[in-house]
Amino acid sequence: MADFSNDTSLWATRALGASAGAAVSLVYLLPKNRREAASRFFTGLACGVIFGGPSGIWIAERLDLVDQLSVTEVMLSGSAASSLCAWWGLGILSRIAGRYGGRGR
C-alpha cells in the first residue's frame, strides 16, 4: 500500500497531524491550567508522531479506503487520531486522579 520511509515530508505530515489532533482536542475538554494543557498537548504530539503510521493504516483498512487515500492522507489522519486518543486518555486519567487521589489520607 504505502512506503513509510524516512521521508522528510512524511515526518512533517506526522507532526502536523499530531498537532492538529492535540489542538482540536483542547477545544472539547478545556484543561484546568497551562501545565495540564502543555502536558497533554506534548503527550498527544508524541503519540501522534509515534503511532501515526500504524493508526492511519489501520483506519484506512477498517474503512476500506486503502486504494482511495494517498500516503499523506493516511499519515495525517492516523497521526491526528492517535493524538486525539492519547489526549483524551490522559485527560480522563488526570481528572480521575485529581478527584480521587487525595481521599484516603
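Structure data summary
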| read-out | value |
| --- | --- |
| Among (1) at pLDDT below 85; (2) assigned to a helix (DSSP H, G or I); (3) over 19 Å from the mean Cα position of the chain (by Cα) - the single one Ile96 does not satisfy | (1) |
| Condition met for Glu73 (among the acidic types (Asp, Glu) and either touching a residue at least 40 places away in the same chain (Cβ under 8 Å) or touching a strand residue (DSSP E or B) at 6+ places or on another chain (Cβ under 7 Å) (or both)) | no |
| Tally, over the range 20-52, of residues that are in contact with a helix residue (DSSP H, G or I) (Cβ under 6 Å, 6 or more places away or on another chain) and either of a type in the set (A, V, I, L, M) or part of a helix (DSSP H, G or I) (or both) | 15 |
| All positions within the range 22-69 that are of a type in the set (S, T, N, Q), more than 21 Å from Ser9 (Cα to Cα) and within 14 Å of the chain's Cα centre (by Cα) | Ser25, Ser39, Thr43 |
| Test: residue in the range 63-74 that is assigned to a helix (DSSP H, G or I), closer than 15 Å to Lys32 by Cβ and either at pLDDT 85 or above or touching a Lys or Arg at 6+ places or on another chain (Cβ under 9 Å) (or both) | no |
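The values are calculated or read from the model by the stated rules, or taken from the named source; none is laboratory data. Fair warning: this is a prediction, and the values are worked out from it, not measured in the lab. Note that we place each Cβ from the backbone using ideal geometry, even for glycine, and neighbour counts take in every protein chain shown.
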